[in-house]
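One structure is given here, and the rest of the page talks about it.
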Amino acid sequence: MTMQGSIEALIAKDAIREVLYLYCHGSDRMDQALVESLFHPDAVLDYGSFQGGPQDLTAFSKEFLPRYEGTYHSLSNIMIRLDGTSATVVSYITAIHSRSKSSKGAKDVILYARYIDRFEQREGEWKIARRDVAMDWTLKLPSDFAWPEGFDGYVGRRDADDPAALALAAASVRS
């Protein structure tokens, strides 16, 4: 590969990773517009318990996520194989769904899975064209966590007023 080809591959991989990270951020902040913007409009998604397109995903998430007090999606082991204007991407996901509101008591659910994505670059933008989710295992634990006194001002939010969401929005305006 030429030096220019190597640089272009690095730029493409960085753009793909940014989409993956923004997906986690958008999911945790329940930012439907952000999540939808990361998929091509004709994307096909199969999460096992959910199949559909990007708008179907956000409609599903709007019903599913509020039953938890918080979620935390974190990616690791991101493997990207570029092939021109498409890429196969596998990433490991740890998703914590905290303190479900259940009649059986509060519980935390920790999901370990892999996103198996096909990205496509269209009109210069890398977005997800297909996503399959391979569930590896799940833990369900009783939840008795409470923030220590005095931490209230430092607790994240699940909306656009979250400190990180505000910082990213401000940085986008300056870019």
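Points to keep in mind about this one:
- One residue from 40, 73 being of a type outside the set (S, T, N, Q) and under 13 Å from the mean Cα position of the chain (by Cα): 73
- Meets criteria (of a type in the set (A, V, I, L, M, F, W, C) and within 30 Å of residue 143 (Cβ to Cβ)) for residue 11: no
- None of 40, 25, 73 is in contact with a helix residue (DSSP H, G or I) (Cβ under 9 Å, 6 or more places away or on another chain), modelled with pLDDT of 90 or more, more than 19 Å from residue 160 (Cβ to Cβ) and not small (Gly, Ala, Ser) except 40.
- Any hit, the range 44-65, residues being under 11 Å from the mean Cα position of the chain (by Cα), of a type in the set (A, V, I, L, M, F, W, C) and within 21 Å of residue 91 (Cβ to Cβ): no
- Residues in the range 48-67 that are among the hydroxyl-bearing types (Ser, Thr, Tyr) and crowded, with 16+ Cβ neighbours inside 10 Å were compared, and the one that is modelled with the lowest pLDDT is 61.
- Residue 30 fulfils the conditions (1) surrounded by 14 or more Cβ atoms within 10 Å (Cβ to Cβ); (2) at pLDDT below 95; (3) more than 13 Å from the chain's Cα centre (by Cα) except for a single criterion, (3).
- Residues in the range 38-59 that are more than 19 Å from residue 134 (Cα to Cα) and outside any helix (DSSP H, G or I): 38, 40, 41, 42.
- Qualifying residue in the range 15-37 (condition: touching a Gly at 6+ places or on another chain (Cβ under 7 Å) and either assigned to a strand (DSSP E or B) or closer than 20 Å to residue 122 by Cβ (or both)): yes
- Any hit, the range 142-159, residues being modelled with pLDDT of 85 or more and closer than 26 Å to residue 54 by Cα: no
The values are calculated or read from the model by the stated rules, or taken from the named source; none is laboratory data. For clarity, every value in this text was computed on a predicted model and none was experimentally measured. Note: ideal-geometry Cβ built from the backbone for every residue, glycine included; neighbour counts use all protein chains shown.
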